[in-house]
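The values are calculated or read from the model by the stated rules, or taken from the named source; none is laboratory data. Bear in mind the structure is a predicted one, so any value in this text is a computation, not a measurement. For neighbour counting, all protein chains shown are included, and Cβ atoms are generated from backbone atoms with ideal geometry for every residue, glycine included. Note: areas computed on protein heavy atoms with side chains; ligands, DNA, RNA excluded. Shrake-Rupley method; radii C 1.70, N 1.55, O 1.52, S 1.80 Å.
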Amino acid sequence: METRKVMKGNHSRKTAAFVRACVAFCFITIPSLMSIFSRLNLYLYSGQVALANQCLSQADAFFKAAISLLPEVPKMISVDGKMRSSEAFLLEFLSNFFSTLLIVPDHPEQGVLFLVRGLLNVIEDYTWEDNSDDKIRIYTSVLHLLSAMSQETFLYHVDKVDSNDSLYGGDVKFLTEINKLCETLIGQILDHLKTLGKDETLKRQSLLALSLFHSILAHGDLRNNKLNQLAVNLWNLAQKHGFADTKTMVKTLEYIKKQGSRSEMRHFSELALRLPLQSRT
């Protein structure tokens with residue numbers, strides 16, 4: 001990154017070769033590290049550096065290596081001499097990874113969203129802890145990523161790197177692929193919610209239903225009738241068994257009504273009329 005700074009992002013043949021050599025050195029030395037999260041994070045950081053220096057194929061290699069390493073993450077890791085669940089660390093890593101994937105351009109020979117699809121396949125096959133909802137939390141985060149990917153202009157970019165908003169330019173086929181992935185993820189989240197219908201898991205069901213409701217509220221197009229109805233169903237499910245926090249529900253409804261007062265957000269006002277507040281009495 002210092003070389004990039006000195007060259008102000010405009011590499012000469014010599015500095016470009018130097019950067020590629022540094023990136024290659026990182027790639028071959030990372031596997032020698034013992035800590036799996038050190039390897040994961042260094043693959044991610046090195047991929048980010050490669051991307052910032054316009055080394056796109058090397059960046060892809062780092063990100064693919066990180067994805068390939070994920071199945072090896074153990075259920076428990078040693079932290080300060082104590083054994084702890086690794087899932088919190090895995091969630092933190094994946095959140096950072098998703099933020100980077102937004103700006104990574106698709107490889108012309110790998111297909112649409114090839115890195116996102118590869119990551120989802122690994123997440124699907126990973127053996128999660130019993131009574132854990134982390135897989136669903138990750139799926140929700142991916143929905144946020146896909147929503148950001150559907151925008152005409154992404155929230156942020158890397159200088160001199162064309163992300164998918166430039167490559168596809170809002171192409172209908174690209175947006176269709178995003179919608180298909182979103183539908184698949186929402187379907188899997190809803191299937192998981194159905195498994196939480198027992199007395200001992202109703203609180204988890206309520207929390208996850210409200211979490212997905214908030215995600216749809218923040219990232220979805222509620223002018224879509226199907227998505228609008230899903231939001232209503234999730235709102236009702238969150239309150240169904242009395243586990244929803246009343247203050248949270250009231251503040252959420254107040255926010256929706258406030259948004260609905262804006263002329264371009266009238267559909268929020270209509271949605272608010274369909275969201276009852278259930279009493280615990």
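For region 194-279, the tally of Lys pairs with Cα-Cα distances below 21 Å comes to 12, considering only residues 8 or more apart or on different chains. Annotation: per residue accessible area for region 114-249 equals 53 Å², rounded to a whole number [probe 1.4 Å, protein chains only]. Listed values for region 89-103 are Karplus-derived 3J(HN,Hα) couplings in whole Hz (6.51 cos²θ - 1.76 cosθ + 1.60, θ = phi - 60°), namely 5, 5, 4, 5, 4, 5, 4, 5, 5, 4, 4, 6, 4, 4, 9, and x replaces Gly and Pro. Nearest 10 degrees, 0 to 90: what angle lies between the long axis of helix 36-52 and the longest principal axis of the chain (Cα atoms)? Here the helix axis deviates by roughly 70 degrees. P(r) tail, region 145-214: Cα-Cα pairs separated by more than 16 Å, 60% of all pairs. Summary of packing: across the peptides 74-81, 44-51, 271-278, the per-residue average of other C-beta atoms within 10 Å ranks them, highest first, as 44-51, 271-278, 74-81.
Bridging of Lys160 to lysines at a Cα separation below 29 Å is possible for Lys5, Lys8, Lys14, Lys64, Lys173, once same-chain residues fewer than 8 apart are set aside. Under 1.5 on a/c is rounded, so check that first for region 130-281, then, if it is not, pick prolate when a/b is larger than b/c and oblate when it is not; a ≥ b ≥ c are the square roots of the alpha carbon gyration tensor eigenvalues. Oblate is the answer for region 130-281, as a/c is 1.5 or above yet b/c matches or exceeds a/b. Tell me the angle of helix 202-219 to the major Cα principal axis of the chain, expressed in degrees between 0 and 90 and rounded to the nearest ten. The helix 202-219 is inclined about 70 degrees to the chain. Centre-to-centre, using Cα atoms only, region 21-39 and region 45-73 are separated by 11 Å. Over all projection directions, the Cα-based convex hull of the chain averages an area of 18.3 nm². Where the centroid of each part is defined by its Cα atoms, how far is region 163-242 from region 254-281 in Å? Distance between centres, Cα-based: 18 Å.
Applying the Karplus relation 6.51 cos²θ - 1.76 cosθ + 1.60 with θ = phi - 60° to region 177-190 yields 3J(HN,Hα) values of 5, 4, 4, 5, 5, 4, 4, 5, 5, 4, x, 5, 5, 5 Hz, where x marks Gly and Pro.
Could you compute the net charge surrounding Tyr43? Neighbours are other residues with a C-beta less than 13 Å from the C-beta of Tyr43; K and R count +1, D and E count -1.
0
Taking one quarter of the surface of the C-alpha convex hull of region 86-148 gives a mean projected area of 4.4 nm².
For Val79, the residues whose modelled amide H falls within less than 5 Å of its own, excluding neighbours fewer than 5 places apart on the same chain, are Arg84.
Average projection, convex hull of the Cα set of region 47-98: 4.2 square nanometres. Rounded to the nearest 10 degrees, the inclination of helix 114-125 to the longest alpha-carbon principal axis of the chain is 60 degrees.
Within the chain, what whole-number % of the accessible surface is contributed by carbon and sulfur, with the 1.4 Å probe and all protein chains included in the calculation? It would help to have the intermediate numbers written out before the result.
Numbers: 8410 of 15730 Å².
The nonpolar share, carbon plus sulfur, comes to 53 percent.
Solvent exposure of region 62-107, expressed per residue, is 45 Å² of accessible area, with all protein chains present and a 1.4 angstrom probe.
In a reduced charge model with +1 at each Lys and Arg Cβ and -1 at each Asp and Glu Cβ, the chain shows a dipole moment near 620 debye about its Cα centre.
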